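Data block below; observations after.
What follows is calculated from the coordinates using simple rules that are stated; it is not laboratory data. Small disclaimer: the values here were computed from a predicted structure and weren't measured. Cβ placement follows ideal geometry from the backbone for every residue including glycine, while neighbour counts extend to all protein chains displayed.
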Amino acid sequence: MNETIKTILDHRSIRSFQEKELAEDQIKLIVESAQAASTSSFVQAYTIIGVKDPIKKAELAKLAGNQAYVAKNGHFLVFCLDLHRIQLAAAMEGVEEVAMLASLRSTELYTVGVVDASLAAQNASIAAESMGLGICYIGGLRNELDQVSALLKTPEYVVPLFGLCIGYVDYRTDKKLRLPIPAIYHEEEYLSDQNMKMELEKYNKDIAAYYKQRTGGKREDRWTQMMAKQLLNAKRLYLKSYLARKKLTLE
């Protein structure tokens with residue numbers, strides 16, 4: 001097993017960072033690593049916004065659901081889907097916006113941006129962890145996207161998707177168990193429901209034991225129980241109207 005794979009397999013989310021900022025050369029390497037990720041048709045449909053201002057970070061922490069580690073870390077990155085830049089590029093070639101609308105509003109191009117941003121973020125995460133730093137993804141930015149957009153001054157066709165806390169680890173959490181490989185990796189065809197349920201039952205026992213040990217017996221949550229709870233409580237249903245305000249009425 002090489003060092004890269006060891007770094008990947010040792011991943012865990014860090015939510016307690018030392019009060020020490022990243023150096024500029026560290027940030028540059030992390031961003032360069034993000035840019036090295038694959039991108040669909042060379043579109044590079046994402047932008048990364050780095051946030052250092054403690055006041056702005058504190059506001060983002062509040063908007064993300066009062067997650068303190070959004071404010072207290074070595075550096076905070078916001079990964080955005082960005083179709084504004086390619087719109088601008090096309091305009092530089094004399095293409096009118098009205099002629100681009102079918103593409104700019106397509107579910108396909110939106111998907112390209114989400115995938116591109118996600119691939120870049122994962123590259124950035126692995127780069128940071130290989131440098132001995134810790135990371136934590138922040139989906140909570142999507143709680144209040146209008147306010148996040150205003151704070152970051154993102155134009156039309158740009159959507160902040162998630163944040164990434166990076167920093168020197170203060171407290172290292174236990175590694176969380178992932179789903180068993182047979183539940184994730186299927187050969188030739190999708191796994192039957194009967195076999196999937198068997199894998200999930202085994203996983204439930206492992207996860208319940210993990211939480212029981214981690215919380216001193218206060219929690220014994222099953223994974224299927226947690227997923228059912230999530231599906232019964234729909235989140236961020238305003239996103240469709242938000243995307244329309246960003247001119248991303250998907251078709």
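Observations
- Sites Met226 and Asp10, calculated FRET efficiency, Cβ-Cβ separation with R0 25 Å, nearest 0.05: 0.60
- Listed residues Leu237, Leu164, Leu29, most fluctuating in the chain (Gaussian network, C-alpha, under 10 Å): Leu237
- Residue order, fewest to most beta carbons within 10 Å, for Cys165, Cys80, Cys136: Cys136, Cys80, Cys165
- Compactness of region 181-230, taken as the C-alpha radius of gyration over 2.2 N^0.38 Å, stands at 1.32.
- Amide H contacts under 5 Å for Phe17, placed H, 5+ residues apart: Asp170
- Where no second cysteine Cβ lies under 4.7 Å, the cysteines concerned in the chain: Cys80
- On the principal axes of its alpha carbon atoms, region 18-101 extends 48, 27, 19 Å, with the longest extent given first.
- Couplings 3J(HN,Hα) of region 87-97, computed from phi: 4, 5, 4, 5, 4, 5, 9, x, 8, 6, 4 Hz, in residue order, whole Hz [Karplus 6.51 cos²θ - 1.76 cosθ + 1.60, θ = phi - 60°; x for Gly and Pro].
- Measure of compaction for region 91-199 (Cα Rg per 2.2 N^0.38 Å): 1.51
- Karplus (6.51, -1.76, 1.60) ³J(HN,Hα), θ = phi - 60°, over region 203-212, in Hz, Gly and Pro reported as x: 5, 4, 5, 5, 5, 4, 5, 4, 5, 4
- Theoretical gain in end-to-end length, Ala68 to Asp170 [0.36 nm per residue, Cα-Cα removed]: 35.4 nm
- FRET efficiency for Lys218 and Arg178, using Cβ-Cβ distance with R0 set to 30 Å, rounded to 0.05: 0.85
- Sites Ala23 and Lys235, calculated FRET efficiency, Cβ-Cβ separation with R0 25 Å, nearest 0.05: 0.10
- Most mobile listed residue (Val51, Val159, Val98) in the chain, GNM with C-alpha springs under 10 Å: Val98
- Available extension along the chain between Glu188 and Ala208 is 4.1 nm, counting 0.36 nm per residue and deducting the alpha carbon span.
- Extended-chain gain in nm, criterion 0.36 nm per residue less alpha-carbon gap, Asn143 and Arg85: 18.4 nm
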